[in-house]
1. Any residue at all in the range B:51-74 that is touching a residue at least 40 places away in the same chain (Cβ under 8 Å) and within 13 Å of chain A (Cβ to nearest Cβ)?
2. For the range B:33-55, enumerate the residues that are in a strand (DSSP E or B) and loosely packed, with under 12 Cβ neighbours inside 10 Å.
3. Residue by residue through the range B:1-19, note down the ones that are of a type in the set (A, V, I, L, M, F, W, C), in a strand (DSSP E or B) and either at pLDDT below 95 or surrounded by fewer than 16 Cβ atoms within 10 Å (Cβ to Cβ) (or both).
4. What's the number of the condition B:Gln37 fails, among (1) over 18 Å from B:Pro8 (Cα atoms); (2) modelled with pLDDT under 95?
5. Which of the residues spanning the range A:58-75 are over 11 Å from A:His34 (Cα atoms), within 14 Å of chain B (Cβ to nearest Cβ) and buried (at least 16 other Cβ atoms within 10 Å of the Cβ)?
6. Report yes if B:Leu77 is modelled with pLDDT of 95 or more and more than 11 Å from every other protein chain (Cβ to nearest Cβ), otherwise no.
7. Go through the range B:62-86 and give me each residue that's surrounded by fewer than 19 Cβ atoms within 10 Å (Cβ to Cβ) and either touching a Gly at 6+ places or on another chain (Cβ under 7 Å) or within 25 Å of A:Cys90 (Cβ to Cβ) (or both).
8. Is one or more of the residues making up the range B:81-101 under 22 Å from A:Thr51 (Cα atoms), within 11 Å of chain A (Cβ to nearest Cβ) and part of a strand (DSSP E or B)?
Amino acid sequence: ILNVEQSPQSLHVQEGDSTNFTCSFPSSNFYALHWYRWETAKSPEALFVMTLNGDEKKKGRISATLNTKEGYSYLYIKGSQPEDSATYLCAFTADKLIFGTGTRLQVFP
Amino acid sequence: EPEVTQTPSHQVTQMGQEVILRCVPISNHLYFYWYRQILGQKVEFLVSFYNNEISEKSEIFDDQFSVERPDGSNFTLKIRSTKLEDSAMYFCASSRLSDRANYGYTFGSGTRLTVV
């Protein structure tokens, strides 16, 4: 059974703080790793899809790295803002997405 | 920007009743999926659909579940006889054929199903 783990489960930070969280996934038979941002009552929004070991992707203040050999990915948010508050999901994929439990981020003004 | 649309956003049904959850995927996407999230648990894969047939399904997707693409635009999930444990948020997603590993999936905003 393929298992994807995320940590921490939840995170509370002050506006302006930088933060990061982890996604661990099976390192064998790697295909791609997805990051999604999910706000309550909205669709999960695709942030990054990463396929190559050592990949680093950036979108504004959010960036992600990928290590397929050891089976982890980090998501970084620089200078967190209240609008960054959401659940961040990672998902490991072959033919389907296998999701982690998510990290619930709350940014206080 | 193209969207995946799901209706209704919230459905309450009595145990034993049939429900149909509806989705309109993005028009040029060819792979379709249903996922669900029971409150407090992980988002779980239910089924994938391509070329008018199921390509993969999980253990959750038993005989009580079925999917259909009745008219080339809608993609529906039917639960024949709902149980309390079917209460969850159900997400529809679609992806393009050749680059779904690189492009990501587009999700709808979900249908919250409550079985009472």
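1. Among the residues of the range B:51-74, not one is touching a residue at least 40 places away in the same chain (Cβ under 8 Å) and within 13 Å of chain A (Cβ to nearest Cβ), which makes the answer no.
2. Quick first cut of the range B:33-55, residues in a strand (DSSP E or B) only: B:33-37, B:43-50, B:53-55.
Result: B:Glu53, single match.
3. Scanning the range B:1-19 gives a single hit, B:Val12.
4. With respect to (1) over 18 Å from B:Pro8 (Cα atoms); (2) modelled with pLDDT under 95, B:Gln37 is out only on (1).
5. Correct list: A:Thr68 only.
6. Yes; evaluated as a whole, the condition is true for this residue.
7. First, the residues of the range B:62-86 that are surrounded by fewer than 19 Cβ atoms within 10 Å (Cβ to Cβ): B:62-66, B:68-74, B:76, B:78, B:80-81, B:83-85.
Answer for the range B:62-86, where residues must be surrounded by fewer than 19 Cβ atoms within 10 Å (Cβ to Cβ) and either touching a Gly at 6+ places or on another chain (Cβ under 7 Å) or within 25 Å of A:Cys90 (Cβ to Cβ) (or both): just B:Ser81.
8. Yes, the range B:81-101 has at least one match.
The values are calculated or read from the model by the stated rules, or taken from the named source; none is laboratory data. All of these numbers come straight from a predicted model, not from anything done at the bench. Glycine also receives a Cβ, built like all others from the backbone with ideal geometry; neighbour counts cover every protein chain displayed.
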